[in-house]
Amino acid sequence: MNTDLSNKTVAILATNGFEEIELTNPREALDNAGVKTFLVAPSAETIRSWDSDKWGGEFEVDVKLENAKAEEFDSLLLPGGVINPDQLRMNEDALDFIRAFFDAGKPVAAICHGPQILIEAGVLEGRTITSYPSIKTDIENAGARWLDQEVVVDAGLTTSRSPEDLPAFNDKMLEELREGVHDDQTT
């Protein structure tokens, strides 16, 4: 397995209200591994994070969602937060962008409430994942098997429950990125 990730690119899809640590911590892990990361968002300039129980910092958007093409990235990261996935799941461009990663078999990583976007994208049926416990029933209703584990990997799809799981999440996200395309990672 090739351990050099310096030629890899990861799209981080988020909008206002993403949980700050669920974007910054995985992004730092990716950056430290030599991966080029790009914040993709529906807005053009900046988006604002949620930091535990209050609004957090402003983050510069690298690529406006309407200009983003999944074929230009090797993987997709979906941070959680409560507001972020709720907004993105109503955005057809975001759903199409996500589906394109699954159609191409590319690794996808989602943490906390991030899998809510995957429910709306229709990519969870038959999968085994984890998430923040409050959306367990939603995930099961979407046809997926839910496990209460710090990290679950299913054919290139990496999921975790919460910020407490970030070390395991980051390790598996990087491992799946190293492995590359997964033939069984499809919609």
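The values are calculated or read from the model by the stated rules, or taken from the named source; none is laboratory data. Since the structure is predicted, the reported quantities are computational estimates derived from the model, not experimental observations. FYI the Cβ positions are ideal-geometry reconstructions off the backbone, even for glycines, and counts take in every protein chain you see.
Within the stretch 120-134, is there a residue that is modelled with pLDDT of 95 or more, within 25 Å of N7 (Cβ to Cβ) and touching a helix residue (DSSP H, G or I) at 6+ places or on another chain (Cβ under 6 Å)? Talk me through it step by step, then tell me what you get.
Of the residues in the stretch 120-134, the ones modelled with pLDDT of 95 or more are 120-134.
Remaining after also requiring within 25 Å of N7 (Cβ to Cβ): none.
So far as the stretch 120-134 goes, no, none of its residues is modelled with pLDDT of 95 or more, within 25 Å of N7 (Cβ to Cβ) and touching a helix residue (DSSP H, G or I) at 6+ places or on another chain (Cβ under 6 Å).
Given the structure, is A144 buried (at least 21 other Cβ atoms within 10 Å of the Cβ) and over 21 Å from Q87 (Cβ atoms)? Explain how you work it out, then say what you get.
Details: buried (at least 21 other Cβ atoms within 10 Å of the Cβ): yes; over 21 Å from Q87 (Cβ atoms): yes.
Spelling it out, A144 is indeed buried (at least 21 other Cβ atoms within 10 Å of the Cβ) and over 21 Å from Q87 (Cβ atoms).
Restricting the search to the stretch 162-187, which residues are without any contact (Cβ under 8 Å) to a residue 24 or more places away in the chain and within 20 Å of G81 (Cβ to Cβ)?
Scanning the stretch 162-187 gives E164, P167, A168.
Out of (1) of a type in the set (V, I, T); (2) within 22 Å of W50 (Cβ to Cβ); (3) not in a helix (DSSP H, G or I), what's the single condition that is false for I119?
If we test I119 against (1) of a type in the set (V, I, T); (2) within 22 Å of W50 (Cβ to Cβ); (3) not in a helix (DSSP H, G or I), just (3) comes out false.
Within the stretch 60-78, identify whether any single residue is surrounded by fewer than 20 Cβ atoms within 10 Å (Cβ to Cβ), outside any loop (DSSP other than H, G, I, E, B), polar (S, T, N, Q) and free of Cβ contacts under 8 Å to residues at least 60 places away in the same chain, and answer yes or no.
yes
Out of curiosity, is A68 of a type in the set (A, V, I, L, M), at pLDDT 95 or above and over 19 Å from E19 (Cα atoms)? Talk me through it step by step, then tell me what you get.
On the way: of a type in the set (A, V, I, L, M): yes; at pLDDT 95 or above: yes; over 19 Å from E19 (Cα atoms): yes.
Yes.
Against the condition under 21 Å from N91 (Cβ atoms) and either in contact with a Ser or Thr (Cβ under 8 Å, 6 or more places away or on another chain) or at pLDDT below 95 (or both), how does V61 come out, does it pass?
On the way: under 21 Å from N91 (Cβ atoms): yes; either in contact with a Ser or Thr (Cβ under 8 Å, 6 or more places away or on another chain) or at pLDDT below 95 (or both): yes.
In short, yes.
If you take the residues in the stretch 155-164 that are surrounded by fewer than 20 Cβ atoms within 10 Å (Cβ to Cβ) and of a type outside the set (S, T, N, Q), which one is farthest from P79 (Cα to Cα)? Give the derivation first.
Start the filter on the stretch 155-164 by keeping residues that are surrounded by fewer than 20 Cβ atoms within 10 Å (Cβ to Cβ), which leaves 155, 162-164.
Add one more test, that the residue is of a type outside the set (S, T, N, Q), and what stays is 155, 163-164.
Values: A155: 19, P163: 10, E164: 14 Å.
Filtering the stretch 155-164 for residues that are surrounded by fewer than 20 Cβ atoms within 10 Å (Cβ to Cβ) and of a type outside the set (S, T, N, Q), the one farthest from P79 (Cα to Cα) comes out as A155.
When the stretch 12-55 is examined, which residues are found to be more than 20 Å from F101 (Cα to Cα), of a type in the set (G, A, S), outside any helix (DSSP H, G or I) and modelled with pLDDT of 95 or more?
G17, A33, G34, S49
Which of the residues that make up the stretch 80-109 are assigned to a strand (DSSP E or B) and closer than 17 Å to L65 by Cβ?
Taking the stretch 80-109 as the starting set, the residues that turn out to be assigned to a strand (DSSP E or B) are 108-109.
Result: V108, single match.
Please name all residue pairs, on different chains or six or more residues apart, with Cβ atoms under 8 Å, provided the first residue is in the stretch 145-161 and is at positive phi and outside any loop (DSSP other than H, G, I, E, B) and the second residue is of a type outside the set (A, V, I, L, M) and at pLDDT below 95.
Pairs that qualify, where the first residue is at positive phi and outside any loop (DSSP other than H, G, I, E, B) and the partner is of a type outside the set (A, V, I, L, M) and at pLDDT below 95: there are none.
Please determine whether any residue of the stretch 127-142 is among the aliphatic types (A, V, I, L, M), assigned to a loop (DSSP other than H, G, I, E, B), farther than 19 Å from L166 by Cβ and touching a strand residue (DSSP E or B) at 6+ places or on another chain (Cβ under 8 Å). Give the derivation first.
Keep residues of the stretch 127-142 that are among the aliphatic types (A, V, I, L, M), which gives 129, 135, 139, 142.
From what is left, the residues that are assigned to a loop (DSSP other than H, G, I, E, B) are 142.
From what's left, farther than 19 Å from L166 by Cβ: 142.
Okay, now just the ones that are also touching a strand residue (DSSP E or B) at 6+ places or on another chain (Cβ under 8 Å), so none.
No: zero hits.
Every residue in the stretch 24-46 that is of a type in the set (A, V, I, L, M), more than 22 Å from D4 (Cα to Cα) and crowded, with 18+ Cβ neighbours inside 10 Å, please.
Our first condition is that a residue be of a type in the set (A, V, I, L, M); within the stretch 24-46, this holds for 29-30, 33, 35, 39-41, 44.
Pick out the ones that are also more than 22 Å from D4 (Cα to Cα) and you get 40-41, 44.
Residues satisfying the conditions are V40, A41.
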